[in-house]
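A.B. asks: Before we start, here is the structure in question, set down as structure tokens.
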Number of protein chains: 2
Amino acid sequence: MAIDEKRLYSSNEVFKSLKIPFRYLRKLLILLSKNGLLVSVQGKNGGYRIAKNLVDISLLDIIQTVGDDQVINKCFFGFEGCAFEKKCAIHDKWAAVREHINDVLSSTTLAELKESGPQSFISNNN
Amino acid sequence: MAIDEKRLYSSNEVFKSLKIPFRYLRKLLILLSKNGLLVSVQGKNGGYRIAKNLVDISLLDIIQTVGDDQVINKCFFGFEGCAFEKKCAIHDKWAAVREHINDVLSSTTLAELKESGPQSFISNNN
DNA sequence: CTTAAATAATACCTCCAGGTATCATTTATG
DNA sequence: CATAAATGATACCTGGAGGTATTATTTAAG
């Protein structure tokens, strides 16, 4: 959708170039809309469009909507109060890792992905 | 078990100080033995002992036996041949993250954990 | 206004990693 | 030897994330 960010894409159209299950794709599109990453237009000729500038949507934004950001937030050993009461054995090392991941994900935007070409981030061959 | 590395610990004994399900613990101990991280002694008065010097067992070793090292090895976008045929959009950035994780896990040994004290890596309060 | 083409809401199903259950084997001890 | 206390092998079960099904709503166009 970033290829033409002003246009409206129907779920059907997106489906054709993505090879993930149609109904699941629909669910994700709705989720992304609810979370403000996409704008949806209902009714006939409706569809979805990217809601902001490409440069303002990061991989982290998307993951936080659609995926699972546990690695980024959890203590390595799973301690609930890690760093509040007492640090776990590798707290600092692991916090650095998490920060690294965070940096990469939050600094990589759709604009950047678009630049490197669709085939470098769209998986349509499984 | 690193607290006294020369001693034999029965699964029952380990169980008492760990609060994870007994049968699951047994399974893990067997797995760790099979993979050479523990030495097991069968029969009455049997048990387990750490198989090597504490400094030669890393978190990575343990995870590779008992856990799931996908994050460390997989392409961010899940491309199978990433970096062989063509790099994905964030290949280099993500490779750096993976290497960072690898560094931390492979350089953190049981010896180091032991130094920072059992309560900083043993989770017995869930 | 009716129809058809789209999205929205909600409830349900399925697969598999994480966890269990059962039985077999090994060995110290009296 | 028999027993009990330990580990080993193997097959099975289950909760919940990932995926599916069904029905409701919205809207352009003739």
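The values are calculated or read from the model by the stated rules, or taken from the named source; none is laboratory data. The structure presented is a predicted model; accordingly, all values stated were derived computationally and were not measured. With ideal geometry, Cβ positions are generated from the backbone for all residues, glycine too; neighbour counts draw on all protein chains shown. All accessible areas refer to the heavy atoms of the entire protein, side chains included, with ligands and DNA or RNA removed. Shrake-Rupley method; radii C 1.70, N 1.55, O 1.52, S 1.80 Å.
A.B. asks: Tell me which helices (runs of 4 or more DSSP H) are completely within segment A:52-126 and hold 3 or more residues being closer than 18 Å to residue B:98 by Cβ, or say none if there are none.
C.D. replies: A:59-66, A:70-73, A:91-107
A.B. asks: For residues that are farther than 20 Å from residue B:90 by Cβ and among the hydrophobic types (A, V, I, L, M, F, W, C), scanning just segment A:33-72, find the one that is farthest from the chain's Cα centre (by Cα).
C.D. replies: This residue is A:41.
A.B. asks: So, of the residues in segment A:59-73 that are within 12 Å of chain B (Cβ to nearest Cβ) and more than 15 Å from residue A:32 (Cα to Cα), which turns out to be least open to solvent (accessible area, probe 1.4 Å)?
C.D. replies: That would be A:72.
A.B. asks: Let me ask something else about it. Filter segment B:1-14 for residues that are acidic (Asp, Glu) and free of Cβ contacts under 8 Å to residues at least 40 places away in the same chain; which is farthest from DNA strand C (Cβ to nearest atom)?
C.D. replies: Among those that are acidic (Asp, Glu) and free of Cβ contacts under 8 Å to residues at least 40 places away in the same chain, it is B:4.
A.B. asks: More than 16 Å from DNA strand C (Cβ to nearest atom), touching a residue at least 40 places away in the same chain (Cβ under 8 Å) and open to solvent by 60 Å² or more (accessible area, probe 1.4 Å), is that true of residue B:17?
C.D. replies: The answer is yes for residue B:17.
A.B. asks: For segment B:1-14, give me the residue count where each residue is open to solvent by less than 70 Å² (accessible area, probe 1.4 Å) and either more than 10 Å from DNA strand D (Cβ to nearest atom) or of a type in the set (Ser, Thr, Tyr) (or both).
C.D. replies: Qualifying residue count for the region: 7.
A.B. asks: Scan (1) surrounded by 15 or more Cβ atoms within 10 Å (Cβ to Cβ); (2) facing chain B (nearest Cβ under 8 Å) for the single condition residue A:86 breaks and write down its number.
C.D. replies: With respect to (1) surrounded by 15 or more Cβ atoms within 10 Å (Cβ to Cβ); (2) facing chain B (nearest Cβ under 8 Å), residue A:86 is out only on (1).
A.B. asks: Follow-up. For segment B:38-53, name all the residues that are touching a residue at least 40 places away in the same chain (Cβ under 8 Å) and loosely packed, with under 15 Cβ neighbours inside 10 Å.
C.D. replies: Result: B:53, single match.
A.B. asks: Give segment B:15-55 a look and list any residue that's away from DNA strand D (no atom under 12 Å from the Cβ), among the charged types (D, E, K, R) and closer than 21 Å to residue A:77 by Cβ, or say none.
C.D. replies: B:19
A.B. asks: Out of the residues in segment A:20-30 that are more than 9 Å from DNA strand C (Cβ to nearest atom) and more than 14 Å from chain B (Cβ to nearest Cβ), state the one that is most open to solvent (accessible area, probe 1.4 Å).
C.D. replies: A:24
A.B. asks: Determine which member of the set B:56, B:92, B:103 is within 11 Å of another protein chain (Cβ to nearest Cβ), open to solvent by 20 Å² or more (accessible area, probe 1.4 Å) and at pLDDT 95 or above.
C.D. replies: Unique residue meeting the criteria: B:103.
A.B. asks: Also, I was wondering about something else. Can you tell me how many residues within segment A:31-41 are closer than 15 Å to residue A:1 by Cβ, within 10 Å of DNA strand C (Cβ to nearest atom) and not polar (S, T, N, Q)?
C.D. replies: Total meeting the criteria: 5.
A.B. asks: Do any residues in segment A:86-104 that are over 17 Å from residue B:118 (Cα atoms) have Cβ atoms under 9 Å from those of residues that are β-branched (Val, Ile, Thr) and not in a helix (DSSP H, G or I), where the two are at least six apart or on different chains, and which pairs are they?
C.D. replies: Close Cβ pairs satisfying both conditions: A:93/B:108; A:104/B:90.
A.B. asks: Here's a follow-up. In segment A:114-123, which residue that is surrounded by 14 or more Cβ atoms within 10 Å (Cβ to Cβ) and under 19 Å from residue B:81 (Cβ atoms) is farthest from the other protein chains (Cβ to nearest Cβ)?
C.D. replies: Among those that are surrounded by 14 or more Cβ atoms within 10 Å (Cβ to Cβ) and under 19 Å from residue B:81 (Cβ atoms), it is A:122.
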